[in-house]
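Data block below; observations after.
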Amino acid sequence: MGLDRREPAQVSMIKHSSHAMPEGCVAIPFPGQTESPLQMCLVISISEGHPHLVPLSTGAFTQAFLGCLTDANHRLHEWLVVEWQADPTEPSSLIADRLGNQALDELWQISCRGGQAACSHFIATQWGQHHPPPLALNPQTRTLEYFCIEGLGIPALCTDRGQLAAAGLPDYACGRARYLAGQHADGCWEFIPVDTMPDQPGRSITELICSRGLIPVNPGCRFIRCRKTAPMDIASLADVLGGGPWSGIKAGAGSVDPGLLSQIFSDRTADETSTSLFLGRHGHWGRTVEGLHLKIKMLADVAAAVRTLMATTHRPILNLTLSSFAADVSSPSVGLPFLWTVKVGLVDSGIAVPIQLGSAASNLFTPALHLPNSVYQPQRMGRGRTSGVAEFRVRSVEVDPSDHVMVEGAIAGADVDIQTESAVSIRLALSGREVTLHGSVSPGAGPLEWRFRGEPGTAGKEIAALWKASAGVVVSQVWLDVSENHDAAYDMYALAVCFCRVLLGGSPNPLPAIIDDLHALAQLAAAPKQNQVGDLIALVNENERFKKSFGVENVFLDPQLKQAAAEMIPVDIWRKVLTVLLRMLPGVMPDAFVRRYGALKGGGQSVYFDALYEELVALLVQTRSLILIDWRMNREIHAVIRRVATGI
């Protein structure tokens, strides 16, 4: 959920250069921070008469609003992105029935752990791990307060299955209905729905808050977390490294310049704020090598962040784009090259949902949301699922003490293509009730038989009893939905697209054309008659189509840097850079980082990125050696030249 998704009207509020709240806005602290020297606040807009939160973006499972950190003197120290847990708006039909409250809570917790590990922007809060009380805004006092009900106190979200069942209410874990509970003085419990329930009497907590003249902020007691804003996306940073200007974040007809960064980036001569090691008037040759080095450093940051997130969450990401990353730009320091201190982090933890099949090592993954076609997704990801019918035989049913069900069976005579890496959903009728199974398959006894292992889409004692009684049943016709296992190979492809934009921003071709050329170049380089290591540069230089996309001059936007690139960047290094890009396309090159899509199951998703990261680190060492040369050797070479010149 990158900041580039902000509504233009809201972007203009984020001005790092200012330590005062913009006109028409107020910073309101969250409750319970009176003893803290720094307070986390929500920014409330009051310019239009009716106070309201400032929305920033909507993610797969989150809603983001503008916040800030202030001190005891109400001085603004940092702008924040405050994220609320939210229900997915368009969940994939493959897993929609499995995204109950408990599953969404688990996804949130995993996302928090991954985000904190992969990005320094995240700030831990007490409400990131525990459900907060219902939160409301008092427009009269301009304060945030926990909503209190007379005679009941501050209600809390009820997640206890037994307590809800005793009140005749649906289980918290399996559905998305949420109830707040409070205890009266006589010991009786009262349950209040978060949203209006047509089949239940009484008002919802949202209606109760509004009836008191308050504005609901977090009536459903959803998790809250925050992270620092990052003013630059990585595409803008890449353009700056390529010698291009940066005028700030687009905001309607104008732009916003956080921290006056455009002035710093354009100052190539002042020693106090120099962005690079080399001054603009004399350092074009050095800045050429330095620009490539810093771009590779940025790519290494990106690969490290993705690898760290996957190693922490044990799942892929599946929605990587340029906006998944943000650049943390620190304040410049005297004598320190500004651009060398920029760090890129991952600010979106992804949308991958596991299809659990017993042990974690056998889990398959699928995107939680329907994804539109995009340059970041391989064609096979856009294919979606395929459907058909088959016979299904229930071989065995295992039910543990917690009513968790695991079903094994056989699929026979399917009229749809099934592969070993496929995720399969089965819809069938048992005892007059339509039920769903989700699982994986392996080859069966014959060419038209597949062994199936999976679990029901819904849980509970009733479902467990229904399946336990169905062992040995043969259902002549069931409906199948077949989807591929979406592993980290899809993220490797998306990262290849991001890398092309970062490295080749100076190309006259648009990004889709560059990706098309990347596929074509990979096919040529992988052909048996080609030696991809020795002939890759020749393939690029001898073909005008490839030259426009992959010529070394495309690293830069500045005409002087473009001119110097061919002379200053060694051919061997550029060949290695292009080879890395080609190897990132899954299954194309013989030594591709990923051999095929969907092959990796379980938690080892980060393994694909180990070799990529090592290659980028090796390139960093090589390009750094072009900048930080051995000065003693350099003096010795110059001494020899002087002696020869003197002799002549």
Rounded to the nearest 10 Å², what accessible area does Arg596 show when all protein chains are kept and the probe is 1.4 Å?
130
Probe of 1.4 angstrom, ligands and nucleic acids ignored: what's the accessible area per residue over segment 385-497, in square angstrom?
42
Ala165 versus Ser442, label points 7 Å from Cα toward the beta carbon: distance in nm?
3.4
With a point put 7 Å past each Cα toward its Cβ, work out how far Thr89 is from Asp195 in nm, to one decimal.
1.4
Take the alpha carbon atoms of segment 298-327, find their center, do the same for segment 164-198, and report the distance between the two centers in whole angstrom.
39
Roll a 1.4 Å probe over the protein heavy atoms and report the accessible area of Trp479 in Å², nearest 10.
110
Kindly flag which residue pairs out of Lys343/Lys576; Lys228/Lys562; Lys468/Lys601 have an alpha-carbon separation exceeding 31 Å in this structure.
Lys228/Lys562
Extension gain from Arg624 to His74, taking 0.36 nm per residue of separation minus the Cα-Cα distance
193.6 nm
Show Leu180, Leu371 ordered by accessible area, largest first, where the area counts protein heavy atoms only and the probe is 1.4 Å.
Leu371, Leu180
Report the Cα centroid-to-centroid distance between segment 573-600 and segment 432-469 in angstrom, as an integer.
37
Mind giving me the nanometre distance, one decimal, between the label points for Val375 and Thr34, set 7 Å out from Cα along Cα→Cβ?
5.5
Using a cut-off of 12 Å between beta-carbons, work out the net charge of the residues near Val588 (Lys and Arg +1, Asp and Glu -1, Val588 not included).
+2
Could you list which residues have their amide H under 5 Å from that of Val217, counting only those 5 or more apart in sequence or on another chain, with H placed in the peptide plane?
Leu135, Ala136, Leu137
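The values are calculated or read from the model by the stated rules, or taken from the named source; none is laboratory data. Predicted model, so just to flag it, every value in this text is computed and none were measured. Cβ coordinates were reconstructed from backbone atoms using ideal geometry, including for glycine residues, and neighbour counts include every protein chain displayed. With ligands, DNA and RNA removed, areas are computed over all heavy atoms of the protein, side chains included. Shrake-Rupley method; radii C 1.70, N 1.55, O 1.52, S 1.80 Å.
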